[in-house]
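Trainee: Okay, here's the structure, questions in a sec.
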Amino acid sequence: MIVGVGIDVVDVARFGATIERTPKLVDRLFTESERRLPLASLAARFAAKEALAKALGAPAGLHWLDATVRSHPTGRPELQVSGTVAARADELGVVHLHLSLSHDAGIASAVVVAESA
């Protein structure tokens, strides 16, 4: 059963300008493994984290570093959650998070579907 759906879009150039103005934001938003990625991929991962928060009902207190977007061996993106994000997912009975990412024409987007048993 679908518990929640979240979607987010990010203007890559605007996101890049924000990162340039506030470089420490990268450390607050992204895990160590994510920080090495190019700007468009970072923007897509930021969109994924926003979409994830929406799919979980956007409660206060979720920590950005408690969600990591990584690549499954097949190449498709997946979410790894811990801490505050995992606790909220457990509270909602979420057993699987589906993630789709895209970045094209200066826009990065993400969709997250939270599924329960």
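Trainee: How much net charge surrounds Ala13 when only other residues with a Cβ under 15 Å from its Cβ are counted (Lys, Arg +1; Asp, Glu -1)? Mind showing how you got there, number by number?
Mentor: Details: positive: Arg14, Arg21; negative: Asp11, Glu20, Asp104.
For residues surrounding Ala13, the net value is -1.
Trainee: What Kirkwood radius, in Å to one decimal, follows from the Cα pairs of the range 46-108? Write out the running numbers ahead of the final one.
Mentor: Numbers: mean 1/r = 0.0810 Å⁻¹.
After inverting the mean inverse Cα-Cα distance, the result is 12.4 Å.
Trainee: Note the angle between two axes, namely the Cα long axis of helix 39-55 and the longest principal axis of the Cα atoms of the chain, as a number of degrees from 0 to 90, rounded to the nearest 10.
Mentor: The two axes meet at around 30 degrees.
Trainee: Another question, if that's okay. Please pull out the direction-averaged projected area of the chain, using the convex hull of its alpha-carbon atoms, in nm² to one decimal place.
Mentor: 7.1
Trainee: Give the angle, between 0 and 90 degrees and rounded to the nearest 10, that separates the Cα long axis of helix 83-92 from the longest principal axis of the Cα atoms of the chain.
Mentor: Tilt of helix 83-92: around 40 degrees.
Trainee: Once every DSSP H run of n ≥ 4 in the chain is given -39500 (n - 2.57) and the sum is divided by its residues, what mean residue ellipticity at 222 nm do you get, rounded to the nearest 500 deg cm²/dmol?
Mentor: -10500 deg cm²/dmol
Trainee: Just the accessible area per residue of the chain, please: how many Å² with a 1.4 Å probe? Walk me through the intermediate numbers first.
Mentor: Numbers: 6490 Å² over 117 residues.
Value returned for the chain: 55 Å² of accessible area per residue.
Trainee: Can I ask one more? On the protein heavy atoms, probe 1.4 angstrom, tell me the percent of accessible surface of the chain carried by carbon and sulfur.
Mentor: Heavy-atom surface of the chain belonging to carbon and sulfur, 1.4 Å probe: 55 percent.
Trainee: Oh, and also: Can you check what the Kirkwood hydrodynamic radius comes to for the range 1-62, Cα pairs only, in Å to one decimal?
Mentor: Working: mean 1/r = 0.0802 Å⁻¹.
This gives a value of 12.5 Å.
The values are calculated or read from the model by the stated rules, or taken from the named source; none is laboratory data. Nothing here was measured: the structure is a model prediction, and the numbers come from that model. Every residue, glycine as well, gets a Cβ built from its backbone with ideal geometry; the counts of neighbours run over all protein chains shown. Quick note on the areas: whole protein, heavy atoms, side chains included, nothing else; ligands and nucleic acids left out. Shrake-Rupley method; radii C 1.70, N 1.55, O 1.52, S 1.80 Å.
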